[in-house]
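The block underneath contains the structure these notes are about, expressed in structure tokens.
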Amino acid sequence: ASAAAFDYIDFNTTASAPAFSTGRIHYGANNGDLQYDTNVNGVVLNIGQQTIVKVRNSTGTTISKGKIVRISGSDGNSGHLLISTASHENESLSTNTLGMVMQDIAGNNADGYVILEGVLDNVDTQNYTAGDMLYLSSSGDYTNVPTPVPYHEVRIGQVNRVHQNSGSIFIRVQNGYEINEQDRS
């Protein structure tokens, strides 16, 4: 189908969110933004509020929502970044820290999304306080305990809302704080 040229589109700003449907754009009353339903069931991009990237998990095991991942390669056929769990244990496991997984991604070459910057909702933040700075742990999790020397510090973001099931984190990866480096923020 085709449509004539539009001067503008008015979205219903009082309606509740519609059912998820790949390719759908709608108004998100909670954030006051436009939202795009991606091709991964349940993953919604808040346009102008989040920066995300499509990735591929070829590790053989599921990477769960909320895990911190790094770039481990590229799939030359699809052009997708390959990911694996990040760790502060050494430089090779932390240098290419990318962001936080937005949904469970199966390990058999399944595609999914990683948030690079913006708020990720519906994560467990019950053990934190709003405003806590979060760091990469040794297991790809996030923690509010600063990375001990001599490990590689990667700042993940900040707790935005505290809740067991519907907490939120502002993601903004800052990589590279080690001995002999300065915080230039």
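The values are calculated or read from the model by the stated rules, or taken from the named source; none is laboratory data. Note that the coordinates shown come from a computational prediction; the quantities given were computed from them, not determined experimentally. Reconstructed Cβ throughout: ideal geometry from the backbone, glycine too, with neighbour counts over all protein chains shown. For accessibility, only protein heavy atoms count, side chains too; no ligands or nucleic acids. Shrake-Rupley method; radii C 1.70, N 1.55, O 1.52, S 1.80 Å.
Brief remarks follow.
- Estimated inter-spin distance, Arg172 and Ile47, nm [label 7 Å along Cα→Cβ]: 2.4
- Karplus-derived 3J(HN,Hα), 6.51/-1.76/1.60, for each residue of the stretch 4-17, Hz, glycine and proline x: 5, 4, 10, 8, 6, 10, 9, 9, 6, 8, 10, 7, 6, 4
- Considering only Val101, Val114, Val145, the Gaussian network model of the chain with Cα springs below 10 Å gives its largest mean-square fluctuation to Val145.
- Accessible heavy-atom area order of Leu136, Leu82, highest first, probe of 1.4 Å: Leu82, Leu136
- On the stretch 1-133, 46 percent of the accessible area sits on carbon and sulfur atoms, based on a 1.4 Å probe.
- Remark on Thr59: its backbone amide H falls under 5 Å from those of Asn109, a criterion applied only to residues 5 or more positions apart or on other chains, H modelled at 1.01 Å from N.
- In loop segments of the stretch 1-68 as defined by DSSP, the trypsin sites (Lys or Arg not before Pro) with at most 16 further C-beta atoms inside 10 Å of their C-beta are Arg24.
- Near the amide H of Val119, within less than 5 Å, lie the amide hydrogens of Ile171, all on another chain or at least 5 residues away, with H placed in the peptide plane.
- Accessible area of His152 (1.4 Å probe, protein heavy atoms only, ligands and nucleic acids ignored): about 10 Å².
- Choice from Ala19, Ala86, Ala106 with maximal GNM fluctuation in the chain (Cα, 10 Å cutoff): Ala19
- Legend: residues Thr14, Thr59, sorted from most to least accessible area (1.4 Å probe; ligands, DNA and RNA excluded), read Thr14, Thr59.
- Extension gain (nm, one decimal) between Asn127 and Asn165, 0.36 nm per residue minus Cα-Cα: 12.5 nm
- Placed amide H near Val154: partners under 5 Å, 5+ positions off or other chain: Leu136
- Rolling a 1.4 Å probe across the protein heavy atoms gives the chain an accessible surface of 55 Å² per residue.
- Note on Asp104 and Asn39: the extension gain reaches 22.0 nm, defined as 0.36 nm multiplied by sequence separation minus the Cα-Cα distance.
- At q = 0.09, 0.12, 0.16 Å⁻¹, base-10 log of I(q)/I(0) for the chain (Debye sum, equal scatterers on each alpha carbon): -0.37, -0.62, -1.01
- Fully extending the segment from Thr14 to Ser139, taken as 0.36 nm per residue of separation minus the present Cα-Cα distance, adds 40.8 nm.
- When you restrict to C-alpha pairs under 8 Å that are six or more residues apart and normalise by the size of the chain, the relative contact order lands at 17 percent.
- A simple spin-label model places the labels of Ile25 and Ala4 2.0 nm from each other, with each point 7 Å out along Cα-to-Cβ.
- With a cut-off of 9 Å between beta carbons, the residues surrounding Gly157 carry a summed charge of +1, where Lys and Arg count +1 and Asp and Glu -1.
- A helix-only calculation puts the chain at -500 deg cm²/dmol for mean residue ellipticity at 222 nm, using -39500 (n - 2.57) for each DSSP H run of at least four residues, averaged over all residues.
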